[in-house]
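Here is the structure we will look at, set down as C-alpha cells.
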Amino acid sequence: MEPALNLSQKRIESIDLLRGLVMIIMALDHTRDFFHHAAFTEDPLNPATTYPALYFTRWITHFCAPVFVFLSGASAYLQSLKKTKKELSLFLIKRGFWLILIEITVINFAFSFDVHFNEIGLQTIWSIGISMVILGLVIWLPFPLVLFLGLLIVLGHNSLDFYERDHPNSLSMGYHLLHRPNLFNLGGGFHLLVLYPFLPWAGLMMMGYCFGKLLSNNRGPEQKKILLWLGMGIVLFFVAVRILDMYGDPDVINGTDKPLNSLYSFLETNKYPPSLLYMCMTIGPAIIFMAFFRKTGGRFGQIISVYGRVPFFYYILHFFLIHLVSMIFFFARGHSFSSGLNNEVMTPNFLKPGEGESLWIVYLLWILIVAALYPVCKWYDAYKTSHKEKWWLSYL
C-alpha cells in the first residue's frame with residue numbers, strides 16, 4: 001500500500017488534468033456563443049431544431065461548471081492539510097468575495113464590452129465565489145456534518161421546485177439568488193441577471209470538499225477501485241432516477257417534462273440551477289475519469305494540465321480573447337462601431353443575433369484560441385511555481 005500523499009511536496013495530478021480538460025471544453029461553449037450563427041436565436045438542446053453535432057457541442061460543456069466547482073471544494077480540503085482551520089476559512093472567505101468582485105467587474109466587461117455596466121450577470125465565477133464564502137464558514141463544523149449538509153442540499157434542493165411551482169410570482173430577489181434564476185429590471189436601463197443561484201453550487205462544493213478527503217489518501221489500486229465504484233454508482237443513480245422521472249429536475253415537478261423517448265430528452269437536464277440529475281450526470285463520469293487518469297501521462301496530458309493549474313487566469317484571458325476576435329469578425333462583415341452597441345438585454349456588444357459562422361468554423365476558432373493561450377498560461381504557471389512567496393498569486 002502506498003503512503004499517504006505528502007501534499008507539501010506533490011500535487012494531485014488528476015485534479016490538474018481534469019480541471020484543464022474542462023477549462024478547454026468550456027472555451028468551446030463560449031466560442032460557440034460568440035461565433036455560431038444560431039447562438040442567440042436557437043436553443044442547441046432543443047430536440048425539435050437541433051442536430052447531433054450541435055447538440056453534443058453544447059451538451060459536453062455541461063461538465064465544465066459542476067466539475068470545476070466540485071474540484072474547487074476538493075482543493076479546499078487538500079489545502080486544509082497545509083493550513084490551520086482559521087487560515088483556510090479566512091482564505092476561502094476573502095477569495096470568495098474577490099471572485100464575486102471580479103465577476104461583477106472584469107468578467108461582465110469581458111462578456112459585454114459595455115463600459116456603462118448596464119447589465120450585470122451573476123454567473124459561474126459568482127457561484128464559485130459565494131460558495132467559497134459559505135464553505136469558509138461551514139468548515140468549522142465537524143467533517144461528518146459538512147458531508148451531511150452537502151448531501152442534504154444536493155439531494156434535497158429540488159424539493160424547492162414544488163414551492164416555486166405554487167408561488168411563481170411571489171418570490172423575492174433573495175430567493176432568486178438562492179435557487180431560481182431571474183432577470184431583474186433595476187431601472188434606469190440597468191438589469192441584473194441571476195443565472196447561477198448559489199444554493200446547489202454551494203452544496204456541490206461541500207461535496208467536493210468531502211471528496212478531497214478521499215483523494216488525500218493515496219492508496220494506489222485500492223483508491224482507484226473506490227473512485228471507480230463511486231463514479232459508477234452516481235451514474236447508475238442518475239439513470240435510475242431519470243427513468244423514474246418523478247424527482248430530481250424542475251421540469252418533472254413543473255409539469256413541463258418531455259417524454260424520455262430519445263437520447264436528446266434523456267440527457268436534457270436543468271443547469272439553471274443545477275438539478276440533482278444534472279449534477280449526477282456530470283460528476284459521476286468525472287470521478288470515473290479520475291479513477292483511470294491519475295497521472296498527467298505523456299506530453300498531451302502535460303499540456304492539458306497547464307490550463308488546469310492556472311484556471312482563473314485562463315478564464316479571464318479566454319473571455320477577452322474570444323470577444324476581441326468576435327469583434328474583428330463583426331467589423332469584417334461591414335458593421336460600424338456604433339451599430340455594434342447593442343440595446344438588447346444580455347446580448348454582448350459587437351454581436352448581431354442571427355449572424356455568425358458555421359459549426360466547423362466555431363471548432364477551428366476554438367482550437368486556435370485555446371492554443372494561443374497556452375504560452376501565456378505556461379509562463380504564468382512557471383511564474384507561480386517559482387514565486388510561491390507572493391501571497392497575491394493565490395487570488396489569480
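Values as computed for the structure displayed
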{"item": "Residue check, residue 147 modelled with pLDDT of 95 or more and in contact with a strand residue (DSSP E or B) (Cβ under 6 Å, 6 or more places away or on another chain)", "result": "no"}
{"item": "Residue in region 185-198 that is assigned to a helix (DSSP H, G or I), in contact with a helix residue (DSSP H, G or I) (Cβ under 9 Å, 6 or more places away or on another chain), free of Cβ contacts under 8 Å to residues at least 24 places away in the same chain and surrounded by 17 or more Cβ atoms within 10 Å (Cβ to Cβ) present", "result": "no"}
{"item": "From the options 363, 374, 383, residue that is aromatic (Phe, Trp, Tyr) and within 28 Å of residue 94 (Cα to Cα)", "result": "383"}
{"item": "Every residue from region 76-93 that is surrounded by fewer than 18 Cβ atoms within 10 Å (Cβ to Cβ) and in contact (Cβ under 8 Å) with a residue 24 or more places away in the chain", "result": "81, 82, 85, 90, 93"}
{"item": "Residue list for region 169-183, restricted to those being part of a loop (DSSP other than H, G, I, E, B) and surrounded by 14 or more Cβ atoms within 10 Å (Cβ to Cβ)", "result": "171, 179, 180, 181"}
{"item": "Residue match in region 322-336 (condition: part of a loop (DSSP other than H, G, I, E, B) and not small (Gly, Ala, Ser))", "result": "yes"}
{"item": "Of all residues in region 337-380 being at pLDDT 95 or above and among the charged types (D, E, K, R), the one that is nearest to residue 191 (Cα to Cα)", "result": "357"}
{"item": "Close pairs (7 angstrom Cβ cut-off, 6 or more residues apart or separate chains): farther than 26 Å from residue 349 by Cα and touching a residue at least 12 places away in the same chain (Cβ under 8 Å) in region 27-56, surrounded by 14 or more Cβ atoms within 10 Å (Cβ to Cβ) and polar (S, T, N, Q) anywhere", "result": "47/265"}
{"item": "Selection status of residue 211, assigned to a helix (DSSP H, G or I) and either buried (at least 16 other Cβ atoms within 10 Å of the Cβ) or touching a Cys at 6+ places or on another chain (Cβ under 6 Å) (or both)", "result": "yes"}
{"item": "Residue satisfying condition, being of a type in the set (Ser, Thr, Tyr) and under 25 Å from the mean Cα position of the chain (by Cα), within set 383, 374", "result": "374"}
{"item": "Neighbours by Cβ (under 9 Å, 6+ apart or cross-chain): first from region 324-338, exposed (fewer than 11 other Cβ atoms within 10 Å of the Cβ); second not in a helix (DSSP H, G or I)", "result": "333/352; 333/355"}
{"item": "Pair list, Cβ < 8 Å and 6+ apart or interchain, from region 344-367 residues that are in a loop (DSSP other than H, G, I, E, B) to residues that are among the charged types (D, E, K, R) and crowded, with 18+ Cβ neighbours inside 10 Å", "result": "345/119; 346/119"}
{"item": "Failed condition for residue 291, given (1) assigned to a helix (DSSP H, G or I); (2) over 30 Å from residue 238 (Cβ atoms); (3) small (Gly, Ala, Ser)", "result": "(2)"}
{"item": "Filter result for residue 238 (assigned to a helix (DSSP H, G or I), crowded, with 18+ Cβ neighbours inside 10 Å and of a type in the set (A, V, I, L, M, F, W, C))", "result": "yes"}
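The values are calculated or read from the model by the stated rules, or taken from the named source; none is laboratory data. What you are looking at is a predicted structure, and each value in this text was computed from that prediction instead of being measured. Here Cβ is always computed from backbone atoms with ideal geometry, including for glycine, and neighbour counts include all displayed protein chains.
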